[in-house]
Amino acid sequence: MTAAQGKHLAILAAIWAALIFAPYWMPLFGGYTALGSRVLVLGLGAMSVNFLLGFTGVLSFGHAAWFGLGAYACGLALKFVAPSTPLGLVAGTLVGGIAGAILGALLVRRRGIYFAMVTIAFGQVFYYIAFQWSSLTGGDDGLRGFARQPLDFKLFQIDLLHNDVYFYYFVLVCFAAVVAIMAFILRSPFGRTMIAIRENERRARFLGIPIELHIWIAFTLSCFFMGFAGALYALINNFADPRMLHYTLSGDFVIMAVMGGMRTFWGPLLGAVIFVVLQDYISSVTVNWMSFIGILIVLIVLFFPRGVLGLLRQRRAA
Amino acid sequence: MSVLAVRNLTKRFGSLVAVRDISLTVEAGELRAVIGPNGAGKTTFFNLVSGFLASSTGSILFEGRDISRIPAHQRVGLGMARTFQITEIFPELTVFENIRIVTEVAAGYRLRPWLNRAEAADIRRRIDETLALAALSDKADRLVGELAHGDQRATEIMMALALKPRLLLLDEPTAGMGDQETYEISQIIRRLHKDNKLTIVLIEHDMRVVFHLADRITVLDQGGFLAEGTPREIAANEAVQTAYLGQAA
């Protein structure tokens, strides 16, 4: 094993240790377990956006659409189909992913700013549907009347609703599974074609890669991840509302990815930590918490364009 | 059967005719140079053949099959590879990673979620072969963007070659190079032509390279066909001399 590989493993071990022991060390710094769950889920959303942005080079500014669809599908499944947490997750993942696959097919010929604009437009369509269709979605008040259910393993049950620590570990296991799938895809021959497209689309095309097909697959995968994250988010709050579909949330995910470092795998999670923790602390002091995030993002983009993790990585290489 | 047969190829951009009624035939194993003054339509011609642009009229036959309406990436799949006038590579990846992407695509693994052990070993062996061919093995772990211009060019040519093409299109392979680098790239091209019997069409401005390498030369001028022949015939052709001198005057 080389020194670089050793370092890589040590960093991975540190990340997972921090996540696994979070319910124990976070209270020391004034955190609470539910905050940890929120960081994980929003971090998963940011990583899904970055799966497309950082590794395929395609900027979607409407990814909250698939996140929100996942949340609503999860809530509606729990409310109307059957009270089962896994069912809610599967429903959210499928609805977010399939909607993404269908609309993605209309998107893949657009590039750059045009792609971003059309994704915003699609996202806003879902926002207004959720807003207007009160009888199903609860409209502006949001979707209520569902709650995460205990995990039933026949021999024993795990109560996710009343025990925040159990629920945190449930979220962590879900997070780990999706992140493992992402990492696996990025290391595959297909994942390398994504990176080829990010690096140089023209070259990739003239190596015989059908660009549109590959972007569509990457987009669709990221929508499935996003739907899953949205379903988890609905379970955190036992609630889904139209703002989960709004483009400002899409923007938040992009901000998390850029702050953390979009060329890195773990960067968006770090971005989510910074974003969510700052939001939590500053919003208890002032309602203008967003302006502090704004200043921070300007500083990061100006001085560390590769994000916080990208900066750390550069330092190490130098 | 000829590898490439172009029939009455025309490309219009609005009222501008960039390529006018060009026909040419390239036989298997031939090295054809396409030359002409600036604005002669050489690169447009390449872009039509490789599928980067769609032709207005005319046909392009690759190994007897009409490819003029199929997309670029499928032409690559049929056995046609190209390089660009301005080097097109993956600059933030290493030489090894650049070649690996092509090798996996060429092996038909581009949609695969994983490779088994035998497939991975086979890919590894083919990458090493390709690297050795252009003496890039010791630079395999360097980022391509950090390499000298000549090595970047060599990497690009090797990427095209890793596709195992039956027709290689090179757009000004020695553009912007010093004498030493020009010499090295021409040696690589010469080896591909003589040893690997590869059919090559190249656009080139450096006449030493053209006359050193080419079996036959096609001259374009202002979008149209001007002359075709062996290097000796072209050197003696008055119309060609006028086209070049006329532009210089």
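What the table below lists for this structure:
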| quantity | calculated |
| --- | --- |
| Enumeration of residues in segment B:84-103 that are outside any helix (DSSP H, G or I), in contact with a helix residue (DSSP H, G or I) (Cβ under 7 Å, 6 or more places away or on another chain), more than 7 Å from chain A (Cβ to nearest Cβ) and of a type in the set (A, V, I, L, M, F, W, C) | none |
| Spans of helices (runs of 4 or more DSSP H) in segment A:195-289 with at least 2 residues touching a residue at least 60 places away in the same chain (Cβ under 8 Å) and surrounded by 24 or more Cβ atoms within 10 Å (Cβ to Cβ) | A:211-237, A:247-260, A:267-283 |
| Residue in segment B:102-131 that is farthest from the chain's Cα centre (by Cα), counting only those that are touching a residue at least 40 places away in the same chain (Cβ under 8 Å) and closer than 20 Å to A:Gly57 by Cα | B:Val105 |
| A:Ile98 being over 24 Å from A:Val173 (Cα atoms) and β-branched (Val, Ile, Thr) | no |
| Subset of segment A:290-307 (residues that are part of a helix (DSSP H, G or I) and either under 19 Å from A:Gly36 (Cβ atoms) or of a type outside the set (A, V, I, L, M) (or both)) | A:Ser291, A:Phe292, A:Gly294, A:Phe303, A:Gly307 |
| Sole exception among (1) at negative phi; (2) in contact (Cβ under 8 Å) with a residue 24 or more places away in the chain; (3) buried (at least 17 other Cβ atoms within 10 Å of the Cβ); (4) more than 17 Å from the chain's Cα centre (by Cα) for B:Val240, by number | (2) |
| Among the residues listed as B:Leu198, B:Leu202, the single one being within 24 Å of B:Ile101 (Cα to Cα) and either buried (at least 20 other Cβ atoms within 10 Å of the Cβ) or hydroxyl-bearing (Ser, Thr, Tyr) (or both) | B:Leu198 |
| Within segment B:63-83, considering residues that are more than 24 Å from B:Gly14 (Cα to Cα) and away from chain A (no Cβ under 14 Å), the one surrounded by the most Cβ atoms within 10 Å (Cβ to Cβ) | B:Glu63 |
| Sole residue being touching a strand residue (DSSP E or B) at 6+ places or on another chain (Cβ under 9 Å) and of a type outside the set (Lys, Arg), chosen from A:Gly68, A:Gly92, A:Gly88 | A:Gly68 |
| Segment B:142-156, residues that are surrounded by fewer than 22 Cβ atoms within 10 Å (Cβ to Cβ) and either modelled with pLDDT under 90 or out of contact with any Ser or Thr (no Cβ under 9 Å at 6 or more places or on another chain) (or both) | B:Gly145, B:Glu146, B:Ala148, B:His149, B:Gly150, B:Asp151 |
| Test: residue in segment A:63-86 that is over 21 Å from the mean Cα position of the chain (by Cα), farther than 30 Å from A:Arg148 by Cα and exposed (fewer than 13 other Cβ atoms within 10 Å of the Cβ) | no |
| Residue within segment A:131-142 that is hydrophobic (A, V, I, L, M, F, W, C), touching a helix residue (DSSP H, G or I) at 6+ places or on another chain (Cβ under 9 Å) and closer than 30 Å to A:Glu199 by Cβ present | no |
| First in segment B:21-37 and closer than 18 Å to B:Asn237 by Cα, second anywhere and among the acidic types (Asp, Glu) and buried (at least 19 other Cβ atoms within 10 Å of the Cβ), Cβ under 9 Å, 6 or more apart | B:Ala33/B:Glu204; B:Val34/B:Glu204; B:Ile35/B:Glu204; B:Gly36/B:Asp221; B:Pro37/B:Asp221 |
| Residue within segment A:153-175 that is within 14 Å of chain B (Cβ to nearest Cβ) and either closer than 30 Å to A:Asn238 by Cβ or in contact (Cβ under 8 Å) with a residue 60 or more places away in the chain (or both) present | no |
| Selection count, segment B:203-249, where residues are within 22 Å of B:Asp21 (Cβ to Cβ) and among the hydrophobic types (A, V, I, L, M, F, W, C) | 11 |
| Qualifying positions in segment B:12-48 - in contact with a Phe, Trp or Tyr (Cβ under 9 Å, 6 or more places away or on another chain) and assigned to a loop (DSSP other than H, G, I, E, B) | B:Gly36, B:Pro37 |
| Output for segment B:206-220, where each listed residue is under 14 Å from B:Gly36 (Cβ atoms) and modelled with pLDDT of 90 or more | B:Val210, B:Ala214, B:Ile217, B:Thr218, B:Val219, B:Leu220 |
| Criterion (within 10 Å of another protein chain (Cβ to nearest Cβ) and surrounded by fewer than 20 Cβ atoms within 10 Å (Cβ to Cβ)) met by exactly one of B:Leu111, B:Leu169 | B:Leu111 |
| Entirely in segment B:104-210, the helices (runs of 4 or more DSSP H) that have 1 or more residues that are in contact with a Phe, Trp or Tyr (Cβ under 9 Å, 6 or more places away or on another chain) | B:117-133, B:149-162 |
| Some residue of segment A:182-189 being part of a helix (DSSP H, G or I) and under 22 Å from A:Tyr72 (Cα atoms) | no |
| Segment B:72-83, residues that are part of a helix (DSSP H, G or I) and among the small types (Gly, Ala, Ser) | B:Ala72, B:Gly77 |
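Every residue, every condition in (1) modelled with pLDDT of 95 or more; (2) out of contact with any Gly (no Cβ under 6 Å at 6 or more places or on another chain), yes or no:
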{"residue": "A:Thr119", "(1), (2)": "no, no"}
{"residue": "A:Ser135", "(1), (2)": "no, yes"}
{"residue": "A:Gly139", "(1), (2)": "no, yes"}
{"residue": "A:Ala147", "(1), (2)": "no, yes"}
{"residue": "A:Val178", "(1), (2)": "yes, yes"}
{"residue": "A:Met194", "(1), (2)": "yes, yes"}
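The values are calculated or read from the model by the stated rules, or taken from the named source; none is laboratory data. Only a predicted model underlies this, so the values are computations on that prediction, with no experimental measurement involved. Please note: Cβ atoms are built from the backbone with ideal geometry, for glycine as well, and neighbour counts cover all protein chains shown.
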